[in-house]
Protein chains: 2
Amino acid sequence: MTLRRRIHRFRLDLQSGVPVYRQIIDQVRGGIASGALEIGDQLPTVRQLAVDLSINPNTVVRAYRELELGGLLETHQGTGTFISAQKPKSGGAERERQLTQIVGDCVSRAGAAGFTVENLIEQLRELIAERHQRR
Amino acid sequence: MTLRRRIHRFRLDLQSGVPVYRQIIDQVRGGIASGALEIGDQLPTVRQLAVDLSINPNTVVRAYRELELGGLLETHQGTGTFISAQKPKSGGAERERQLTQIVGDCVSRAGAAGFTVENLIEQLRELIAERHQRR
DNA sequence: CTCAATGTACTAGTATACTAGTACATTGTC
DNA sequence: GACAATGTACTAGTATACTAGTACATTGAG
């Protein structure tokens, strides 16, 4: 099997106060969202990434596990960790709650910065517009 | 001075794991963003809110202080805590960048959970609708 | 079967986040 | 000035988040 080792370039920002495992999670998510990581791509091995970032393997494990629980990764013991085919798992009420949470956080942050809900909607609209232009 | 005591109805969600002080912060921010709280409105006093929520006054203080540092509140010792006149501190391009950042994060999270930008907009719309109903 | 490479499980130390207890300072009214 | 109402400061206990240490299990190639 020819592995596509299009491995993401991870980098940590100590000083930021953001937990290491969370930075890894965010970078994988970002990689997927941006298309830098595609379904089937293999991530660095637990040990390899631990060495690269000079952290403990278990910290990598924690990040990978959380991503797997979210359905973004598949781990196969002895083989490696891969970007999985995406399946929106939780359904119904739980899913609704999740969306409410995300939007709530966003509104909260925006409100603190002096933005209104209308500002948010407008910004999202622009995203859609850009998306259409790019096609 | 006739105080407009249009006091936000706070409610805590223990079980959620979200720190109490953060829940307070989010609810104030949300109240401002949604228009439920307006400039000059007085918030519950530190002691009053502590009693209402059955928490320690210092927990309320922590929330209020963080909000004040963010410029959303003004506290006057002996008088009370009020929604401050909002000063969009960073201006122009920086401000635009800030909004882009917030929305970007939100979209990223939503995307990882399988939601679309349209889902977000719809959810925000519902927030506005709720606001109008309550008046 | 053997072995190297991979992920996994269990434990534990340390920092810090969160909340609470208690006493103090400031303001405005009378 | 007295007093009631408000915010403030300092301390400390407890939970838990985060990371690390160490040993084990699974996989696939040869």
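The values are calculated or read from the model by the stated rules, or taken from the named source; none is laboratory data. What you see is a predicted model, and the numbers here were worked out from it, not measured in a lab. In this analysis, Cβ positions are derived from the backbone assuming ideal geometry, glycine residues included, and neighbour counts consider all displayed protein chains. For the accessible areas, the whole protein counts, side chains as well, though only heavy atoms, and no ligand, DNA or RNA atoms are used. Shrake-Rupley method; radii C 1.70, N 1.55, O 1.52, S 1.80 Å.
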*Does region B:66-81 hold any residues that are closer than 26 Å to B:L14 by Cα and within 10 Å of DNA strand D (Cβ to nearest atom), and which are they?*
B:E68, B:L73, B:T81
*within 16 Å of DNA strand D (Cβ to nearest atom) and within 14 Å of chain B (Cβ to nearest Cβ): does that describe A:A63?*
yes
*When you look at B:L49, is it touching a Phe, Trp or Tyr at 6+ places or on another chain (Cβ under 7 Å), among the hydrophobic types (A, V, I, L, M, F, W, C), modelled with pLDDT of 90 or more and within 12 Å of DNA strand D (Cβ to nearest atom), yes or no?*
yes
*asked:* Need the failing condition index for A:I128 against (1) surrounded by fewer than 17 Cβ atoms within 10 Å (Cβ to Cβ); (2) β-branched (V, I, T); (3) modelled with pLDDT of 85 or more, just the number.
replied: (3)
_Conditions (1) in a loop (DSSP other than H, G, I, E, B); (2) within 14 Å of another protein chain (Cβ to nearest Cβ); (3) open to solvent by 60 Å² or more (accessible area, probe 1.4 Å); number of the one not met by A:G78_ = (2)
*Just one of (1) open to solvent by 20 Å² or more (accessible area, probe 1.4 Å); (2) closer than 30 Å to B:R22 by Cα; (3) in contact with a Leu (Cβ under 8 Å, 6 or more places away or on another chain) trips up A:L120, so point out which.*
(1)
*Restricting the first residue to region A:21-44 and requiring it to be more than 11 Å from chain B (Cβ to nearest Cβ), which pairs with a second residue that is among the β-branched types (V, I, T) and part of a loop (DSSP other than H, G, I, E, B) meet a Cβ separation below 7 Å and a spacing of at least six or different chains?*
A:L43/A:I7; A:P44/A:I7
*When you go through (1) touching a residue at least 40 places away in the same chain (Cβ under 8 Å); (2) more than 16 Å from DNA strand C (Cβ to nearest atom); (3) assigned to a helix (DSSP H, G or I) one by one for B:E66, which number turns out not to apply?*
(2)
_Among the residues that make up region B:97-108, is at least one of them at the interface with chain A (Cβ under 8 Å from one of its Cβ atoms), more than 14 Å from A:A113 (Cβ to Cβ) and buried (at least 16 other Cβ atoms within 10 Å of the Cβ)?_
yes
*asked:* Please determine whether any residue of region B:45-60 is more than 8 Å from DNA strand C (Cβ to nearest atom), out of contact with any strand residue (DSSP E or B) (no Cβ under 8 Å at 6 or more places or on another chain) and among the small types (G, A, S).
replied: no
_Residues of region A:24-50 that turn out to be open to solvent by less than 10 Å² (accessible area, probe 1.4 Å) and in a loop (DSSP other than H, G, I, E, B), as a count_ = 4
_Matching residues in region B:109-135 - criterion: being more than 7 Å from chain A (Cβ to nearest Cβ) and part of a helix (DSSP H, G or I)_ = B:E118, B:E122, B:R125, B:E126, B:A129, B:E130, B:R131, B:H132, B:Q133, B:R134
